[in-house]
Amino acid sequence: MYVAILAGGVGTRLWPSSREALPKQFSDITGTGRTMIQSTVDRLEGLVSLSDIYVITGRRYRHLVLEQLPGLPPENVIVEPSGRNTGPAIGLACAHLHRRDPNGIIALLHADHVIQDIEAYRTVLRQAEEAARNDYLTLLGIIPASPHTGYGYIKRMGEPLPGSTQLPVYAVDRFLEKPDRATAEGFVAEGSYYWNAGNFICRVERMLGEFERQLPALYAGLRTIGASLGNGTEQAVLDEVWSTLPAISIDHGVMEGAERVAVVPLDAGWNDVGSWDALEEVISLDEQGNCLVRGNTLVVDSSGVIVSGGQRLIALVGVEDLVIVDSGDALLIGHKRRMQKIKEVVERLRAEERSDLL
């Protein structure tokens, strides 16, 4: 099995720790001492060798990948000329892998997700790899911890597919967009719905076949790029063809209309850490419910606070439900239930041309 890790996003909802120059996947957001992309690779130990791991990222982040993943072959860093959503990114990874091993299995993962139960995660990946060898496009379906309205959902068919050796594998009935609260509550109560985390495993040729069937224009571009690999023209061809490819997500472009799609349920403490308040779900809280991620923090009569500090002392007295993030050159203070407003901060900084803080 090969792994392709998507590592091209910016993650502005975790500003000021996540910046355009150093987005969250290259930062230690959770205070473990390892960046998120390093943790992604760490949990693959014993499943995949470093030489079989690829990273898809933007040109400005290539050096960060090589710095943070020493031992990764430089040719395994696949650079997108520009962001064009997950469809072209995954297609580009498949084009590279097809040249190396047309019959290979590829696991497409994200660089900025948290997994707390590593052994459970590895077991699910092994089962998903087995299903992929049986020609299924196999998703990891996150068993919902709550009726979340920020994720799309996967609905499975009733009975497990025959032949699963470790865990049940189900055929996928359909994909559903992000629901409202009442609908999400119904999904969770019903029990056959999973969060769609966008992680899946398949044969490389199988995925390229779906591109050919459903997105022929994108597939034609990928074939042109694939034919140029290794002959000295690949960069020129990539630069020429890339901007002509349709910018579309893999979910809308391929998965929703794909044949033989399966899902393996995953219960391993998954979290995409999409905002600061999500840290309460992945980091142990103190007796007052405070989430102290890192730094030098002194807490007096305060509760429900999330703090990610630096070297200077942060003293809290009589406050509740705040997020405080000190990145050295910027200080964020806000109510933890209003962290969606961070995008407005970023937009204001961009309008004021404060590129030093973006």
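Candidates in the stretch 180-222 are the residues that are over 24 Å from the mean Cα position of the chain (by Cα) and among the aliphatic types (A, V, I, L, M); of these, the one that is farthest from residue 104 (Cα to Cα) is 182.
In the stretch 64-142, counting only strands (runs of 3 or more DSSP E) that sit wholly within it, the ones holding 2 or more residues that are without any contact (Cβ under 8 Å) to a residue 40 or more places away in the chain, of a type outside the set (Ser, Thr, Tyr) and under 26 Å from residue 23 (Cα atoms) span 77-80. If the condition is being touching a helix residue (DSSP H, G or I) at 6+ places or on another chain (Cβ under 7 Å), of a type in the set (Asp, Glu) and farther than 14 Å from residue 87 by Cα, then the stretch 206-250 contributes only 234. The number of residues in the stretch 298-326 that are crowded, with 20+ Cβ neighbours inside 10 Å and among the β-branched types (Val, Ile, Thr) comes to 6.
On the given criteria, is residue 146 of a type outside the set (Lys, Arg), at negative phi and out of contact with any strand residue (DSSP E or B) (no Cβ under 9 Å at 6 or more places or on another chain)? Answer is yes for this residue. If you check 143, 106 for being farther than 30 Å from residue 230 by Cα and assigned by TED's automatic domain parsing to the domain that holds residue 9, only one passes: 143. Scan the stretch 275-294 for residues that are over 26 Å from the mean Cα position of the chain (by Cα) and surrounded by 17 or more Cβ atoms within 10 Å (Cβ to Cβ) and the total you get is 1.
Selection over the stretch 164-191 of residues that are at pLDDT below 95 and hydroxyl-bearing (Ser, Thr, Tyr) gives a count of 2.
When the stretch 271-292 is filtered for residues that are touching a helix residue (DSSP H, G or I) at 6+ places or on another chain (Cβ under 6 Å) and part of a strand (DSSP E or B), the ones remaining, listed by number, are 271, 291.
Can you find a residue in the stretch 153-161 that is under 19 Å from residue 203 (Cβ atoms), assigned by TED's automatic domain parsing to the domain that holds residue 235, in a strand (DSSP E or B) and β-branched (Val, Ile, Thr)? No, that holds for no residue. Checking the stated criteria, residue 18 turns out to be within 30 Å of residue 337 (Cβ to Cβ), buried (at least 22 other Cβ atoms within 10 Å of the Cβ) and without any contact (Cβ under 8 Å) to a residue 24 or more places away in the chain.
A count restricted to the stretch 60-79 and to residues that are of a type in the set (Asp, Glu) and in contact with a Phe, Trp or Tyr (Cβ under 7 Å, 6 or more places away or on another chain) stands at 0. When the stretch 326-358 is examined, which residues are found to be more than 25 Å from the chain's Cα centre (by Cα), outside any strand (DSSP E or B) and either among the small types (Gly, Ala, Ser) or more than 13 Å from residue 19 (Cα to Cα) (or both)? Selection gives 328, 330, 348, 351, 352, 353, 355. Within the stretch 79-138, being among the hydroxyl-bearing types (Ser, Thr, Tyr) and either over 13 Å from residue 44 (Cα atoms) or buried (at least 23 other Cβ atoms within 10 Å of the Cβ) (or both) holds for 82, 86, 136, 138. For the stretch 327-354, a tally of residues being surrounded by fewer than 16 Cβ atoms within 10 Å (Cβ to Cβ) and touching a residue at least 40 places away in the same chain (Cβ under 8 Å) returns 5.
Would you say residue 229 is in contact with a His (Cβ under 7 Å, 6 or more places away or on another chain) and of a type in the set (A, V, I, L, M)? For residue 229, the condition - in contact with a His (Cβ under 7 Å, 6 or more places away or on another chain) and of a type in the set (A, V, I, L, M) - is met. Just to be sure, is residue 169 buried (at least 20 other Cβ atoms within 10 Å of the Cβ) and in contact with a helix residue (DSSP H, G or I) (Cβ under 6 Å, 6 or more places away or on another chain)? Yes.
The values are calculated or read from the model by the stated rules, or taken from the named source; none is laboratory data. Computed from a predicted model, the values in this text were never measured in an experiment. Cβ coordinates were reconstructed from backbone atoms using ideal geometry, including for glycine residues, and neighbour counts include every protein chain displayed.
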